[in-house]
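The values are calculated or read from the model by the stated rules, or taken from the named source; none is laboratory data. Keep in mind that what you see is a predicted model, and the values were worked out from it rather than measured. Virtual Cβ from ideal backbone geometry, glycine too; neighbours counted across all protein chains shown. SASA here: full protein model, heavy atoms, side chains in, ligands and nucleic acids out. Shrake-Rupley method; radii C 1.70, N 1.55, O 1.52, S 1.80 Å.
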Amino acid sequence: MGHAVLPGNPPIDITLRRSGRARRLSLRVSGLDGRVTLTLPPRVTETEALRFARSREGWIRKALEGQERPAPVVAGTQLIVAGKEMAVTEGPRPRLGEGAIQVAPGRSAGPQVAALLKALARERVVAAADLHAARLGRPYGRVTVRDTRARWGSCSPAGDLMLSWRLILAPPDVLDYVVAHEVAHLEHMDHSAAFWSVVARLRPDFEEPRSWLRHNGQGLHRWRFAD
């Protein structure tokens, strides 16, 4: 991968990606993190590619304007965790308190907060998986929580469940719905009408949290926990 910058106010960082399967130049603005990617076919030069990007600058800026700006997690940041507002504060050691996420001073807050949220997310995911799998009468395999971007959850053919830990930043019903969705795949590994009937058995109100995620899920990725 290469890198380029379109000058302007503000400048636009562009990731250059060459693809042997591409037949034409294409631009993509990620709805998750605002990354601008320009894909180049094999015989197109970077000069031609940047000329193409400049011709589409208005479209790129318009797409970026409609997105929330990334927000670093630092001391003083206010987060909604499992439906409750919590402030990031400094204290003797990292821990989740009543209305606060405590981080140790002298170290970056973001990674400490991420570790606490990941642990809480795993706890909530396992509890929800236990509940829904028992209702379905089907066992599941391992549970992992990751910072995924392509999907909120998955269920492997072996019954292993994977969920995004950022779901802990959504209302509790949303996390529960995604777990129910993945547990339903223990019975149907597709998105057929039969699958959705299982989801409806587990979460009769699933349309509401599903709609919330569709309209608000992108915002869960605006928080930056890395150094």
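In the chain, helical runs assigned H by DSSP with n ≥ 4 each contribute -39500 (n - 2.57); averaged across all residues and rounded to the nearest 500, the mean residue ellipticity at 222 nm is -11000 deg cm²/dmol.
At R0 = 30 Å, how high is the FRET efficiency between residue 47 and residue 149 if r is their beta carbon distance? Nearest 0.05 is fine. List each step's numbers first, then the result.
On the way: r = 31 Å, r/R0 = 1.02.
Taking R0 as 30 Å, the efficiency between residue 47 and residue 149 is 0.45.
Label point of residue 25 set 7 angstrom out along Cα-Cβ; within segment 48-63, amide nitrogens under 16 Å from it belong to 48-61.
Using heavy atoms of the protein chains and a probe of 1.4 Å, the accessible area assigned to residue 40 is about 0 Å².
Put simply, the amide H of residue 75, placed in the peptide plane, has neighbours under 5 Å in 109, leaving out anything fewer than 5 places away on its chain. For residue 3, the accessible area of its heavy atoms, probed at 1.4 Å with every protein chain present, is near 120 square angstrom. In this label model, residue 158 and residue 226 are separated by 2.8 nm, measuring between points 7 Å along each Cα→Cβ vector.
Within the listed set 149, 201, 21, the Gaussian network model of the chain (springs between alpha-carbon atoms below 10 Å) gives the highest mean-square fluctuation for 21. Shape verdict for segment 60-159, please, from the Cα gyration tensor: rounded (a/c under 1.5), prolate (a/b greater than b/c) or oblate. It comes out oblate by the Cα gyration axes. In terms of accessible area, using a 1.4 Å probe and ignoring ligands and nucleic acids, 224, 122 rank largest first as 122, 224. Evaluated at q = 0.16, 0.22 Å⁻¹, the base-10 log of the normalised Debye intensity for segment 105-227, with identical point scatterers placed on the Cα atoms, takes the values -0.74, -1.30.
Per-residue surface analysis assigns residue 62 an accessible area of about 150 Å², computed on protein heavy atoms at 1.4 Å probe radius.
Taking R0 as 45 Å, what's the FRET efficiency between residue 69 and residue 194 from their Cβ-Cβ distance, rounded to 0.05? Don't jump to the answer; show the numbers that get you there.
Working: r = 42 Å, r/R0 = 0.93.
The value I calculate is 0.60.
Relative to the globular-protein estimate of 2.2 N^0.38 Å, the Cα radius of gyration of segment 10-99 stands at 1.63.
Build a GNM of the chain with springs between Cα atoms under 10 Å apart, and of 189, 162, 86 the one that fluctuates most is 189. DSSP finds beta bridges in the chain, and of those with both partners inside it, around 55 percent are antiparallel.
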